[in-house]
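Note sheet for the following structure.
The values are calculated or read from the model by the stated rules, or taken from the named source; none is laboratory data. This one's a predicted model, so the numbers in the text were calculated from it and none came from an experiment. Virtual Cβ from ideal backbone geometry, glycine too; neighbours counted across all protein chains shown. Calculation scope for accessible area: heavy atoms of the full protein, side chains included, ligands and nucleic acids excluded. Shrake-Rupley method; radii C 1.70, N 1.55, O 1.52, S 1.80 Å.
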Protein chains: 2
Amino acid sequence: MSYRVHVRVMPRTGLLDPQGQAVEHALAALGFAGAGDVRVGRAIELELAADSPAEAESEARRMCERLLANPVTEDFELEVEAR
Amino acid sequence: MSYRVHVRVMPRTGLLDPQGQAVEHALAALGFAGAGDVRVGRAIELELAADSPAEAESEARRMCERLLANPVTEDFELEVEAR
């Protein structure tokens, strides 16, 4: 079976996020007054061949730990979607 | 009311995604054989003050059109979460 995996990698809460701050300031400058606590991370999508959704998730988790996320500064979330 | 908005900005399907290709090659080099069609985009989260989820979504959509996404090369998806 093939699965579509959506990964969201975000700067860990409490850590400085200069890109998020830059976006927050830019939004304010454009007149979007109601926005705050902006955080910017990475969204990664991939196709994964696996026997079950659980296996796909576990494989994607290993990919995050090895490559996709920085374990010191980032947190990640996974969603697995059957194709 | 305050809402947490999750935005996913991805390179448009069919457009070249060099960052996604680099990740795909790196995953293969690390021994993750089952991964393909890797796409890398941005995940943006923000707090938004609005009167309803629909208003929050509409405001976030305007933010994407004005600043967060490139309308020529990127697509975006929104999720609004009540706090």
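Pull out all pairs, ordered by first then second residue, where Cβ-Cβ is under 9 Å, the residues are six or more apart or on different chains, the first lies in region A:67-80 and is touching a residue at least 24 places away in the same chain (Cβ under 8 Å), and the second is of a type in the set (Phe, Trp, Tyr). Matching pairs, first to second residue: A:Leu68/A:Phe76; A:Ala69/A:Phe76; A:Val80/A:Tyr3.
Strands (runs of 3 or more DSSP E) fully within chain B that include at least 3 residues being over 23 Å from A:Glu65 (Cβ atoms) and among the charged types (D, E, K, R): B:74-82.
Does B:Asp37 satisfy the criteria of being surrounded by fewer than 17 Cβ atoms within 10 Å (Cβ to Cβ) and either within 17 Å of A:Gly36 (Cα to Cα) or facing another protein chain (nearest Cβ under 7 Å) (or both)? Yes: the conditions hold for B:Asp37.
Residues that are at the interface with chain B (Cβ under 9 Å from one of its Cβ atoms) and either over 15 Å from B:Gly34 (Cα atoms) or touching a helix residue (DSSP H, G or I) at 6+ places or on another chain (Cβ under 8 Å) (or both) within region A:46-65 comprise A:Leu46, A:Leu48, A:Ala50, A:Met63, listed in sequence order.
Of the residues making up region A:2-40, those that are under 18 Å from the mean Cα position of the chain (by Cα) and at negative phi number 22.
If the condition is being closer than 16 Å to B:Leu78 by Cα and of a type in the set (Phe, Trp, Tyr), then region A:25-46 contributes no residue at all. Test B:Val40 against the stated conditions and say whether it is in contact with a helix residue (DSSP H, G or I) (Cβ under 7 Å, 6 or more places away or on another chain), closer than 14 Å to A:Val7 by Cα and at pLDDT 95 or above. Considered against the rule, which asks whether it is in contact with a helix residue (DSSP H, G or I) (Cβ under 7 Å, 6 or more places away or on another chain), closer than 14 Å to A:Val7 by Cα and at pLDDT 95 or above, B:Val40 comes out as yes. For region B:8-33, the set of residues classified as surrounded by 13 or more Cβ atoms within 10 Å (Cβ to Cβ) and in contact (Cβ under 8 Å) with a residue 40 or more places away in the chain consists of B:Arg8, B:Val9, B:Met10, B:Pro11, B:Arg12, listed by residue number. Checking each residue in region B:47-65 for being within 21 Å of A:Val40 (Cβ to Cβ) and either open to solvent by 50 Å² or more (accessible area, probe 1.4 Å) or basic (Lys, Arg) (or both) picks out B:Ala49, B:Glu57, B:Arg61, B:Arg62, B:Glu65.
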